[in-house]
Amino acid sequence: MEKPFRLGSLVGQEGVSVVAPTSSLFASHIGIFGNTGSGKSNTLCKFYTDCFDRMREAGSLDSGKGQFIFIDFNGEYTSSDVLCPEKKVYELDTAAKAGKQKVPVPDDFYFDLETWAILTQATEKTQRPFLRACLRTARKIVDAHNSVAYLEKMMRSFLEGYFGHERVFAEQRDDFARCMAFVVDKDNLRDSEDKVRETVEDIEIFAGTATPILRIGNAYGNSAAEVESNVFSAFNTLPKKLRDLVEDLPSIVEFCARFLFLQRWRSGSIAREHISSLIPRLENQMKEARKLYETTPGGKLLSADEPVKVFSLLDANLDQKKLVPLIIAKYVYREQRSRGRSEQDSSVHLIVDEAHNILSYDSQRESESWRDYRLETFEEIVKEGRKFGMYLTVSSQRPSDISPTIISQMHNYFIHRLVNDDDLRAVGKAVSFIDHATSSMIPVLPQGACIASGTAIPYPTQVQVDKMPTIKQPHSYDRDLATAWGF
Ligand SMILES: Nc1ncnc2c1ncn2[C@@H]1O[C@H](COP(=O)(O)OP(=O)(O)OP(=O)(O)O)[C@@H](O)[C@H]1O
Ligand SMILES: [Mg+2]
């Protein structure tokens, strides 16, 4: 027989336990709402701490069947006494101090068009198709039987291709240097971009004959092969690091972007100005990605040896605070969708405290494409996740800011003190079965008290959630100023 799960005691009656069936509570999307300081984080932490204690007792915590992923914006859940000792903490840091952890993403991460189109805000009509070609080319190089030989061949025919396009070469000189800087060995050359520029500086168009000729110093090229061997001979002798390049996924993608940019511009299939803004954005996002993500074969977001993961975004910059949860949610959902089909008893619980950070409609700072894609991803998890055993727990101060689709699809609600009319209305709309008398209590609930309602708690009930010892509480204590100031 299933042992019920204790939520707390009835408000005002300490001796009376409020319980819920464990399965209907945890196999559900849970929404915890309330103003700042009302006790949301403690409620969330208490439920999962008790859940882990019980799983440990039953020997199921380390089976990996149930996976728990916490998105922690403020580093509230990282200390060793919080949640459970088995948890693995990932402290993500965009300032990239040494020794910080990275999100384990699947190895196709760097080739994922959807992800990179969103991260780089690629325009739909021109930049996205170009990006697709870059990612495909990068993948072809990496997957080739002999990647270095493949890359060498690609570069040779590219250099030869300048024959007949001498004028374009003059225009492309700087971009050419930037592209080729990726293949020149930086360790042996202090500044590879300048070095490449130096070696191609002398190349010029010799227009004195009917057929155009590329010329460097005394070296001429009349045919494509001569162009490659004579004209680019200085460049060809620079030390290269093709092996390193093909083994570093972000670099190979950046290289392909620069390479295809030159190639397509030269052939006239793109207009320079349509694509040029995409490249620095791609390079910038690749730089951030290096600090935050680590590719692992098949992905490791769900792993039996780490059933509880906490991703702390305390040291992540504002943009990444919004992007990392999206990437995590996307890949966790993808992994669970394939796992959930074959393993009927598997589940993933994605727990997002302070969910307004990412599920808000109102965020002004960021591009709409990021926001829409993120909301769509989370909305899909809320709508479809249950079928695959993926459940979302969100907590938020501002339910009125959060996408109504997400709020209304929650199965179980824990509503702490809320005073703002808009928030009360948002919650009232989603939890229509709360009667008037109960809802009039919401603005006056004491700390740690909430109205529990949903599939696991059929009658809206006022619950005082048990207080945990201080060391087990999330790090969000009220400050005791009277003691601090010695009053
Ligand atoms: N169940 C409880 N019983 C007694 N006190 C509680 C309870 N839950 C929380 N508190 C107290 O309320 C304070 C704030 O709690 P908590 O950090 O959980 O609030 P919150 O709603 O998450 O706030 P925020 O939105 O700012 O993150 C804490 O200092 C905690 O000690
Ligand atoms: Mg909190």
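The values are calculated or read from the model by the stated rules, or taken from the named source; none is laboratory data. Treat the numbers as computed from the prediction; the structure is a model and nothing was measured. Heads up, the Cβs are rebuilt from the backbone with ideal geometry, glycines too, and the neighbour counts pull from every protein chain shown. The area values use the complete protein model at the heavy-atom level, side chains included, leaving out ligands, DNA and RNA. Shrake-Rupley method; radii C 1.70, N 1.55, O 1.52, S 1.80 Å.
Things to note:
- Residue selected from segment 111-160 under the condition charged (D, E, K, R) and under 24 Å from Arg243 (Cβ atoms), by the criterion modelled with the lowest pLDDT: Glu160
- Test: residue in segment 13-26 that is touching an Asp or Glu at 6+ places or on another chain (Cβ under 9 Å) and either within 20 Å of Ile442 (Cβ to Cβ) or within 10 Å of ligand 2 (Cβ to nearest atom) (or both): no
- Filter result (open to solvent by 50 Å² or more (accessible area, probe 1.4 Å) and either within 13 Å of ligand 1 (Cβ to nearest atom) or within 18 Å of Arg398 (Cβ to Cβ) (or both)) within segment 9-57: Glu14, Thr36
- A Cβ distance below 6 Å, combined with a sequence gap of six or more or placement on separate chains, defines the contacts here; from segment 424-451, residues that are farther than 13 Å from Gln462 by Cβ and assigned by TED's automatic domain parsing to the domain that holds Ser9 reach residues that are among the small types (Gly, Ala, Ser) and more than 16 Å from ligand 2 (Cβ to nearest atom) in the pairs Ala426/Ser400; Ala430/Ser408; Val431/Ser453.
- Ile351 vs. criteria within 20 Å of Tyr90 (Cβ to Cβ), within 16 Å of ligand 2 (Cβ to nearest atom) and aliphatic (A, V, I, L, M): yes
- For segment 290-309, a residue qualifies if it is open to solvent by 20 Å² or more (accessible area, probe 1.4 Å) and within 23 Å of Glu247 (Cβ to Cβ), and the qualifying residues are Arg290, Lys291, Glu294, Thr295, Thr296, Pro297, Gly298, Lys300.
- Residue satisfying condition, being basic (Lys, Arg) and within 15 Å of Gly385 (Cα to Cα), within set Arg341, Arg290, Arg371: Arg341
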